[in-house]
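Peer 1: Following this message is one structure expressed as structure tokens.
A short reminder: the numbers here are calculations on the coordinates, not readings from a lab. None of these values were measured; they are calculated from a predicted model. Note that each Cβ is placed from the backbone with ideal geometry, even for glycine, and that neighbours are counted across all protein chains shown.
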């Protein structure tokens, strides 16, 4: 009997399977965190580029008393057209269109006109977007909102008014 016990203890069959089973949760966690970081980076850069597009569009539009209020760009106001560019990438109405990032709306966009000052004038486009992670949304998984890993992105661009 001691011979079979020595054979059993000395046998290394299946050790790789046990090692893999022990490391698999860590590998999944590492993969999910890499995917989530990539998604977060993509969302932020998309929002930043969208704010640049909106600011570039407004930087060449004529002002009325230092403001875009009441200034028309075709059939809609310039502010609405720039907001639509930021939200869905089109000047026309965004109704029925997919936003550049999920759950982005015109209420997330703030545009500050350049004013009437002398010299260089600047307009500002801000976006405030609540990012929600998919893989690590601990607030939803546990039901405890204090554990939430949601983050607010606030990309902003300040661009010189060209006219």
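Peer 1: Divide by every residue of the chain the summed helix terms, -39500 (n - 2.57) for each DSSP H run of at least 4, and state the resulting mean residue ellipticity at 222 nm, rounded to the nearest 500 deg cm²/dmol. Walk me through the intermediate numbers first.
Peer 2: On the way: 4 runs with 69 residues, N = 163.
Helix contribution divided over all residues of the chain: -14000 deg cm²/dmol.
Peer 1: I'm a student and want to see the number: the projected area of the Cα convex hull of the chain, averaged over all directions, in nm².
Peer 2: Values: hull surface 64.6 nm².
Its Cα hull, projected and averaged over all orientations, spans 16.2 nm².
Peer 1: Can you give the angle from 0 to 90° between the axis of helix 78-88 and the longest principal axis of the chain, with both taken from C-alpha atoms, to the nearest 10?
Peer 2: 10
Peer 1: Ranked highest first by the average count of other Cβ atoms within 10 Å around their residues, in what order do 117-124, 39-46 fall? Show your work: numbers first, answer last.
Peer 2: Details: 117-124: 12.4, 39-46: 14.1.
My ranking of the peptides, most packed first, is 39-46, 117-124.
Peer 1: Another question about this same structure. If you find the alpha carbon centre of the stretch 104-153 and of the stretch 18-32, how far apart are they in angstrom?
Peer 2: Using only Cα atoms, the two centres lie 34 Å from each other.
Peer 1: Just order 105-114, 24-33, 74-83, 87-96 by mean Cβ neighbour count inside 10 Å, highest at the front, would you?
Peer 2: On the way: 105-114: 16.5, 24-33: 11.0, 74-83: 18.4, 87-96: 14.8.
Per-residue mean Cβ counts within 10 Å order the peptides as 74-83, 105-114, 87-96, 24-33.
Peer 1: Of the residues 144, 35, 125, which exhibits the maximal mean-square fluctuation in a Gaussian network model of the chain defined by a 10 Å Cα contact cut-off?
Peer 2: 144
Peer 1: Between residue 32 and residue 160, 0.36 nm times their residue separation minus their Cα-Cα distance comes to what? Intermediate results must be reported in sequence, preceding the final value.
Peer 2: Details: separation 128, 0.36 × 128 = 46.08 nm, distance 4.08 nm.
Here the segment from residue 32 to residue 160 would lengthen by 42.0 nm.
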